[in-house]
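Q: The structure follows.
Read-outs: derived from the displayed coordinates by stated rules, not from any lab. Here the structure is a predicted model, which means the values were calculated and not measured. A quick note on method: Cβ atoms are made from the backbone with ideal geometry, for glycine too, and the neighbour counts reach across all protein chains shown.
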Amino acid sequence: MPPKKNKKCHRCGKAGHVALQGDCKDTAFATLTDPWNSFPHGQPFQADGDEKECKAVLRSAGSGDKHNGDTLTKQMLEAAFLKAFGKPAHPVPSPVGTQTTATPATASQTNAQQGASISTRSQKSITAPAATPQLPIGQLPPWKLSFTSDKPLMDDVAFERTDADVWDKCPIDPCEDKIKSAQRGAAGRPIKIVTNYVAVNQVPKKLYIYSVKYVVGQKTDVTAGATALSSLQSLSTALPAGAQTIAGGTGDDREVKRRSEKRHVFESLRNALPFSQTVAPVGLRKDWATDFDTVWSLTPLQFPESSTAPPKEGQIYPLHNVQYHKATGRSARLDRVEFTFTRMLEFTNQSATHALLNSGLAPNAKGASLHIAALNGLVSRHATDSVAGITQIGPNKFFLTNGLQRMPHPEGRRAPFNAHRGYYSSIRPGSEKVVLNVSAKAGTFINPMKVSDFLNNIGHPKYNDYGNRPALLISRTVRICYHRTRLDPDYDPNEERNRHKTIAGFGTVPSTQMFFNQKAGREMSVKEYFTKELGAPEPNNAYPCVNVGMAPRTATAKSEQTGKEGKEADGKTAGKERREVDEKKAGKERKEVDEKTVGKELWIPADFVELEPNQPFSKQLSPLDMDSMLRAAQHRPAQVQSLIVKEGFRVLGLTLPSAGDLAHLGLSITPRLLEIPGRMLPSPTVAFRNITTVPVNAASWMLVDQNKTSVKFVRTSAAGTTATALPHGIHVFDFCWAKDLQSNNTLAQAMTQRLVNHGVMIPSVVPKGYTRVKNLLLAQGKLQDQTDHQIANIVSQQYAAWKKPQLFLVVLDDTNSANYAKVKRVFDQHVGLQTVCLTAPRCSHGKSYSEPDPQLLSNLALKFNLKLGGQNHQVISGPAKDAKSAFSDIAADTIVMGADVSHAPSQMSDCPSVAAVVGSIDKDFSTFPGSMRLQASGQEEIEELTEMVAERVIAYAKANQYKQLPKRMIFYRDGVGEDQFDMSTSGEIGRVREGFNQARSALKNLGFPIHSAELDLTFIVVGKRHHTRFFCTKENQSKREKTRWNGNVLPGLIVDSVITRPPVDKKFDFFLQSHQALKGMAKSAHYIVLEKGTFTPDKIQTLTHDFCYIYARATKGVSYASPAYYADRLAERGTHYFKAYTTGRQAPPWQKTDAEKTKDGLKVYQKRVAAGIAQLPEWNPNPTNADGTVRKNPWHPNMDKIMFWL
């Protein structure tokens, strides 16, 4: 480590060098035992000045080294260690705490930190190898590799499964809701069902909340009387003089940011006075919990010399000079840890559940209220204290370290990821009392293996959706697998706890990755260092080196470090590309980097480090892994129920003997699932043309009538008449590259005939209906190699020659999302033609491509009819002869809307989100055209909601010949979390009303007769990301399949009591299970009514149920209301549109201003990025309408009136 030139030598007092260097160097090395004798107070060195420098010099000197012609001996070095460090140079026990490795490529070492989300009580399922025999200080050990990942993780642990279709023996806790409320419905047949909630019989009466701040350095004076705090003893003798109410320094304090390091600091405080039972720590308190940013305690934390009076809000209790052990095992010190009392929470028996609805949000608690976050903290502490062998992720997810299923690899190798079984728990506000939701989960974890194996295995083309593979491993914990030289008597790098590091980035391959070797006094490659200096076998030169030190700080280093250059990072071609770089230029760049990052980048070949187990993977999965994950997560309802009761309760510590410890936390929980009341709504009646009804069985129907004849669609054109024909039928556009699907009209003719069968009028003579696009492309390459404009030009040319057929059936090789996105961009945005896509394997019925599946053709016919603006079916009420639309009483004056925001993952940072709004234009609520906008990345609140609502209201008026404007609006808002209800209540509801008023004013200005009545608005949030599940109590509550019962409760289930929120301010909620799950466990939709308008709860529930059956392209009831579903699909289509711009980009081209680099300024930058991309032709190729007005919707004007995205 080079000297820090701004310090003075404590021996000679001169600046520009440190002890043992400069003018003192000769004397120091000549005597070796003298230089430290003259340090102040007889200390071997000053802790804040020369400790690191002295140690670095001694470590860089080895036995046999020459200095001024003299040979340094082992005895001389040991004497120096004794004088310098006060300890002999022989192995000593390592200090308490988890430690991390020293690295090979440089003499100095850098601290590393473990993953922030892993529970400290997680048990690793891999046994560490035997301890390495200790060698003398400075002696190079023989080269040896020891891998723990040679043996895969233990297979799925056994648990008691049930083979029953319905588990009627489940221990239950019958529960009735005694509260009568006008905000509940009564329609339907009453039933009893079991849910995955348990009763919380008792919660603490009071909870004291403290925020925690970890200050590395301070700018203000240290409080008088503060004494040093040791992590190995009680705080009873090391506390501040008293609590202070201060602002926390000057604002220039450097704070610990990483949760993992906060955890290590907090571990050193567990025996301290605030968390011990008395001043003398006779035992540890168990009445508190923490997430390392907040402490929740049943009683006030006790600090010495602090008043016995209750703490006051804002009161700060600082603990100074806090010593702890970092992840590396080395001792570190914080200037102070501040505990700030923020507030006291009160829970009373009468209002405990209402308290959970408070609007105050807890930091770092996924948006949960302060009360919910506090109680969840207590439950989580109990789980982690009570049960071994679990990994806690976030505030309330717990996964079994050995409860896993292996994902398959396309070539049979070890897959990059595993699916681990786990459980979720969360305190919830019940309608009458507090309840605990317990749900089975599956989580994706990185499969432990060598880093080189991971990069090799994930390099298969099936994983291309992950983009830059090495980037997936940034910040992951790895284990160093070879033995290293011990340079410090206090630190053995080969102890198992000292082998762990965090990946900071990736460089180039070992033969080209250079670093400056201080001992050799020159640059050398990682390959040379390992083979010649350490005696290692030649490392694999196909993969980039791993940096387990600190990330570089210069732009030159960043491109090498993080692997942003895709080909170079993947390693296969990195060596060749690097060799092509001018050596002089490359050397200069490396030296510039080294000057700023010397001793901080620590390079190791990828085949000498391995990934640690129990590391969750939270990024978007590839289609291959998503399919595997879904299969692992799918369990029949009775199995889910059995998992929760027989395993989940144990994992959460709710069963004896662990359950007894809940009393320390003020909790009492009954580990039995609740049996609650529900209601079954009757299935809506589905009809086609001429009121031809079809049987509905478990929310499903066929496209044939009772005589097995194909039903006719209700309407087959936007004009409202069945006589409008498709001029030239269907044309098959074959984009397959792998094989020639067919060279004749078979598929086109079959599809055309199927449309005729369903009532679409088509001429008897149609032209040839097949074109193979591959034969038309000038450049020989696959679909993904062609630009949007190349394909658009070919389509436009062919379209002119085909005499304008209206619809295209596009056939693709596979489900590759990039190819699908490209096709939709070309047809939706550039050409303006209607398409339906499917993959080649689905074209065949049996083995022949010439015999398409009739059911598939009927499903495609549904989509094609929508492209014509038609209506496939309707929902009716009453007997057939007097049948009327189920929506007849709201049809004349009601518009129904849906809204959603998509935050689709992208390789480009700060990628915009897509907001979509759809609105009905007809009285059967079958057609919902839409509007779309870009907005800031990750922003859920719809920025331009006012404008989009106005567009939809004007479209409604136009479709009704401007004769009427709706008086009522039902608005389904998808995707809003519980922590965002205030966002909708205070912001979006007002914007909806404003948008309606803007549309009314615009129509009035055009002279149309428009009413002036205030809008009757019903605003409903649709929740899908919840963990509530329902189980049958009897077999006849489920659907009978061929050989067994499905196990899910039949569709039509309504639950609006016991586990729903207490009715407050006319707001209420309900669960509706409107669909039949084909596989696994059905998931109900959760509807939260923020404004009910003039509708009753029964009317809202039955209308919502009916809307689930009007989904235009399905022959089933869908899982949530169609307007919200349409908005979700439209927002998803928008994510395909901006891929034309984001693909291949790592970051937007717009540079951040200084203000935008702050946390508060980031959202301003993200809004600027969204606005910039919205102006680009890649997003919107048609920025103006035919009349010259600005056009913001990114699709072709031909698509404005139809639901082209379905």
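Q: Can you tell me the FRET efficiency between Leu284 and Met524 if r is taken as the Cβ-Cβ distance and R0 is 35 Å, rounded to the nearest 0.05?
A: The formula returns an efficiency of 0.10 here.
Q: Determine the sum of side-chain charges near Glu261: Lys and Arg each +1, Asp and Glu each -1, restricted to other residues whose C-beta is under 12 angstrom from that of Glu261.
A: Working: positive: Lys257, Arg258, Arg259, Lys262, Arg263, Lys326; negative: Glu255, Glu267.
Spelling it out: positives minus negatives among the neighbours equals +4.
Q: Now for a different question. Lys and Arg at +1, Asp and Glu at -1: add these up for the other residues within a Cβ distance under 11 Å of Asn1182 and post the number. Let's see the in-between values first.
A: Working: positive: Arg1191, Lys1192; negative: Asp828, Asp1200.
After counting each charged neighbour, the total is 0.
Q: Taking 0.36 nm per residue of separation and subtracting the Cα-Cα distance, what length does fully extending Asp627 through Lys774 add?
A: That pair, Asp627 and Lys774, stretches by 49.9 nm at full extension.
Q: Mind checking the full-extension length gain between Asp173 and Gln798? Use 0.36 nm per residue of separation minus the Cα-Cα distance, one decimal, nm.
A: 218.2 nm
Q: Something else now. How much net charge surrounds Lys441 when only the other residues with a Cβ under 11 Å from the Cβ of Lys441 are counted, with Lys and Arg +1 and Asp and Glu -1?
A: With Lys, Arg at +1 and Asp, Glu at -1, the neighbours total +2.
Q: Past the 24 Å Cα-Cα mark, which pairs from Lys433/Lys1034; Lys262/Lys433; Lys257/Lys1152; Lys863/Lys967; Lys619/Lys867? Present the calculation step by step, with values, prior to reporting the outcome.
A: Working: Lys433/Lys1034 27 Å; Lys262/Lys433 35 Å; Lys257/Lys1152 22 Å; Lys863/Lys967 31 Å; Lys619/Lys867 35 Å.
Result: Lys433/Lys1034; Lys262/Lys433; Lys863/Lys967; Lys619/Lys867 exceed 24 Å.
Q: Same structure, new question: Over 32 Å between Cα atoms: which of Lys963/Lys1139; Lys144/Lys519; Lys708/Lys1092 fall into that group?
A: Numbers: Lys963/Lys1139 41 Å; Lys144/Lys519 23 Å; Lys708/Lys1092 43 Å.
Long pairs (Cα-Cα over 32 Å): Lys963/Lys1139; Lys708/Lys1092.
Q: Compare the peptides 853-859, 896-902 by average per-residue count of other Cβ atoms within 10 angstrom and give them in order, highest first.
A: Details: 853-859: 16.4, 896-902: 27.0.
Going by the mean number of other Cβ atoms within 10 Å, highest first, we get 896-902, 853-859.
Q: Now, a different point. For Gln202 and Gln790 in one chain, what is 0.36 nm times their gap in residues minus the Cα-Cα distance, to one decimal in nm?
A: 204.9 nm is the gain from fully extending Gln202 to Gln790.
Q: In segment 864-906, whose amide N lies under 15 Å from the spot 7 Å out along Cα-to-Cβ of Asn1198? List them in ranges.
A: Hits in segment 864-906 for Asn1198 at 15 Å: 867-869.
Q: Which entries of Lys712/Lys774; Lys205/Lys312; Lys824/Lys1192 have Cα-Cα distances beyond 28 Å here?
A: Too far apart for the 28 Å limit: Lys712/Lys774.
Q: Take His483, His789 and order them by how many other Cβ atoms sit within 10 Å, fewest up front.
A: Numbers: His483 20, His789 12.
Exposure proxy ranking, most exposed first: His789, His483.
Q: What order do you get for Met751, Met948, Met761 when you list them from fewest to most C-beta neighbours inside 10 Å?
A: In order of increasing Cβ crowding within 10 Å: Met761, Met751, Met948.
Q: What FRET efficiency, computed as 1/(1 + (r/R0)^6) with R0 = 41 Å and r the Cβ-Cβ distance, is obtained for Asn321 and Gln139, rounded to the nearest 0.05? Please report the intermediate quantities before stating the final value.
A: Numbers: r = 37 Å, r/R0 = 0.89.
Between Asn321 and Gln139 the formula returns 0.65.
Q: Continuing with the same structure: Sort Glu411, Glu944 so that the residue with the fewest other Cβ atoms within 10 Å of its own Cβ comes first and the one with the most comes last. Walk me through the numbers on the way to the answer.
A: Values: Glu411 8, Glu944 19.
By the 10 Å Cβ count, ascending, the order reads Glu411, Glu944.
Q: Given a Förster distance of 45 angstrom, what is the FRET efficiency for Gln855 paired with Ser211, based on the Cβ-Cβ distance and rounded to 0.05?
A: It comes out at approximately 0.15.
Q: If you don't mind, there's one more thing I want to ask. For the pair Asp705 and Lys1066, how long in nm is the line joining their label points, each one 7 Å along Cα→Cβ?
A: 4.6
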